[in-house]
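Remarks on the structure that follows.
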Amino acid sequence: MTGHLTGRTAVPAAQRRIVLARRPDGVPAEADFRVETAAVAPPGPGEALVRTVHLSLDPYVRGTLTGRDLGHPPVRPGDLVPGRAVARVVDTGEWVLAETGWQEYAAVPSTSLRPLSLPPGVPRTAALGALGTPGLTAYAAVTRLLRPAVGDTVVVSSATGAVGGVAGQLAALAGARTVAVAGGPEKCRIAVEHFGYTAAVDRHDPSWTEALAAACPDGVDGYLHMAGGAVLEGVLNRLAVGGRVVLCGLPENANEVGTPAALPAGLLMRTRAVVRGLVVFDHEDLAPRFARRVGALVAEGRLRLLEDVHEGLESAPAAFRRLMSGGNAGKTIVRVAQG
Ligand SMILES: NC(=O)c1ccc[n+]([C@@H]2O[C@H](COP(=O)([O-])OP(=O)(O)OC[C@H]3O[C@@H](n4cnc5c(N)ncnc54)[C@H](OP(=O)(O)O)[C@@H]3O)[C@@H](O)[C@H]2O)c1
């Protein structure tokens, strides 16, 4: 059924959208979400109607579902789940980045749309991953906060994820030895073979700290932390004197499971460590340089991409559960429509 005709496309009268059914308890479950059918509202003054094509799933959304993400408004039961997407403006066909939420069509303020600007040959989905917020996070962590010297050992946890995959490659390009901490043998294989880490350690292996010690014989000079408290403790125990630690992701805090990670004060004092918290919005000033440099690396094939792609809007709840329970490797994306 066609709702209204625009300059280029027939827009259906109704669309699917995914709302929060109930607040998650721990790792989100599929039943925490509900698929609804809703009218596609024509855009109001100053708005544009966009069609969601590639929807980005990101860990920060977990915090919004219990109102704990400081940078985004809380989501209440019945509310649309938020999310960024590569989308098309219905009237013009222009490709944009838009905050569509988990729905097929969204009327959004025209001023909030960001035209997609990517080097030739780079897939549009890169704007959600390596050339989007996860990539900028990795770029800020490595080039501004960790600043590895040639020969330094840099450890990255969540090493094959959207942020980790980029961070490991940027640290290696700076001349560091890179060691991945990842969940499971398959991700460790991907870390070394796809992302080029020097070595990889499986955080689920009971003897992973011994494997880490073997992979870091001279200690850890830089650590990008995006894992649980046990990983933080295990890596900090290998910290070299003068080590730099960047706290970027706390999945146990996000899922509200386990005990919050504690920092070992004596060890940090003895190693004269610098511990920095990272919030990507503080590093927006790096965005133009990041887009130029990392865009060129991706276009030249010197920085590899990996995506965990799910088909259809209805797959978003299961894909989100997978992301928040460590099932993904690469950037999690839901293909909502064909481009
Ligand atoms: N501070 C900031 O400004 C900022 C910006 C962007 C992202 N982040 C954070 O950075 C982290 C990575 O983001 P991303 O988008 O690249 O996600 P991602 O790494 O693609 O996916 C999340 C990964 O977390 C890992 N993980 C480690 N310990 C876990 C645990 N106890 N429970 C569940 N998962 C666990 C899993 O990988 P393994 O199983 O391989 O360990 C999982 O695949 C997230 O924590 C995110 O919140 C922070």
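No value in this document is a laboratory result; all are computed from the given coordinates. Bear in mind the structure is a predicted one, so any value in this text is a computation, not a measurement. Note that we place each Cβ from the backbone using ideal geometry, even for glycine, and neighbour counts take in every protein chain shown.
Here are some notes:
- Maximal additional length on extending the A41-A10 stretch stands at 9.8 nm, based on 0.36 nm per residue less the C-alpha distance.
- Scattering curve values for the stretch 12-68, log₁₀ I(q)/I(0), Debye with Cα scatterers, q = 0.18, 0.23, 0.26, 0.30 Å⁻¹: -0.83, -1.05, -1.12, -1.22
- Distance (nanometres) between label positions extended 7 Å along Cα→Cβ at R293 and S112: 3.1 nm
- Among T178, G151, A191 the positive-end extreme of the charge dipole of the stretch 133-283 (Cβ point charges): G151
- Where the alpha-carbon atoms of the chain are placed on the principal axes, they occupy 66, 43, 33 Å, in descending order.
- Each peptide in 60-67, 141-148, 48-55, 176-183 receives the mean, over its residues, of other Cβ atoms within 10 Å, and ordering these scores from highest gives 176-183, 48-55, 141-148, 60-67.
- The stretch 133-283, relative contact order [Cα under 8 Å, separation at least 6], %: 22 percent
- When each of the peptides 319-325, 31-37 is scored by the mean number of other C-beta atoms lying within 10 Å of its residues, the order from highest to lowest reads 319-325, 31-37.
- Projected area, mean over directions - the stretch 133-283, Cα convex hull, nm²: 8.1 nm²
- Dipole magnitude (debye, nearest 20) for the chain, charges at Cβ of Lys, Arg, Asp, Glu: 500 debye
- Net lengthening on full extension, E193/N237 (0.36 nm per residue, minus Cα-Cα): 13.1 nm
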